[in-house]
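A.B. asks: Sharing a structure with you now.
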Amino acid sequence: MMLRVKMLKTRHVRLGLFVPLLLAFWSGASHAADAIRGGELYATHCAACHGASGISIMPGAPNFARSEGIIRPDLFLLNAIKDGKNAMPAYQGILKDRDILDVISYVRTLN
């Protein structure tokens with residue numbers, strides 16, 4: 001019985017080490033594709049206020065061409081886009097988290 005418990009613990013430790021490595025590989029390998037897809041989503045959902053090239057059109061909207069508002073970590077930006085603020089609409093329920101992360105990846109290429 002003790003041997004079985006030890007084997008299960010070892011399996012969980014290995015899995016605990018493997019999953020983060022897999023996620024790191026997956027997110028790094030798809031970075032270029034994410035930015036391309038993010039550009040398509042940006043053109044549809046964001047460019048009307050933030051400008052096609054990231055130069056904001058609407059007063060108060062960050063100018064992404066000058067890195068305004070994009071220096072924050074991805075998780076912060078993800079939540080800001082999902083929740084919206086002031087004139088910025090909330091995109092929760094409109095875009096999936098993966099879509100928003102693709103847009104963030106694209107926006108980071110604009111500066």
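The values are calculated or read from the model by the stated rules, or taken from the named source; none is laboratory data. Not measured: the values here are computed from a predicted model. Cβ: placed from backbone, ideal geometry, glycine included. Neighbour counts: every protein chain shown.
A.B. asks: Out of ASP83, ASP99, I need the residue that is in contact with a Leu (Cβ under 8 Å, 6 or more places away or on another chain) and either surrounded by 12 or more Cβ atoms within 10 Å (Cβ to Cβ) or more than 17 Å from GLU40 (Cα to Cα) (or both). Which one?
C.D. replies: One residue alone meets the criteria, ASP99.
A.B. asks: Among helices (runs of 4 or more DSSP H) lying entirely in the range 1-88, which contain 2 or more residues that are of a type in the set (Gly, Ala, Ser) and at pLDDT below 95?
C.D. replies: Here the list reads 2-29, 31-45.
A.B. asks: Pairs please, first residue from the range 51-79 and among the charged types (D, E, K, R), second anywhere and assigned to a loop (DSSP other than H, G, I, E, B), Cβ atoms under 6 Å, 6+ apart in sequence or on different chains.
C.D. replies: Note: pairs meeting the criteria are GLU68/PRO62.
A.B. asks: In the range 44-61, which residues are within 18 Å of the chain's Cα centre (by Cα) and surrounded by fewer than 17 Cβ atoms within 10 Å (Cβ to Cβ)?
C.D. replies: Listed by number, the residues that qualify are THR44, ALA47.
A.B. asks: Inside the range 89-105, can you point out the residues that are part of a helix (DSSP H, G or I) and either without any contact (Cβ under 8 Å) to a residue 40 or more places away in the chain or of a type in the set (A, V, I, L, M, F, W, C) (or both)?
C.D. replies: Listed by number, the residues that qualify are ASP97, ARG98, ILE100, LEU101, VAL103, ILE104.
A.B. asks: Right, something else. Out of the range 65-87, which residues are over 15 Å from GLY51 (Cβ atoms) and basic (Lys, Arg)?
C.D. replies: ARG72, LYS82, LYS85 - these are the residues of the range 65-87 that are over 15 Å from GLY51 (Cβ atoms) and basic (Lys, Arg).
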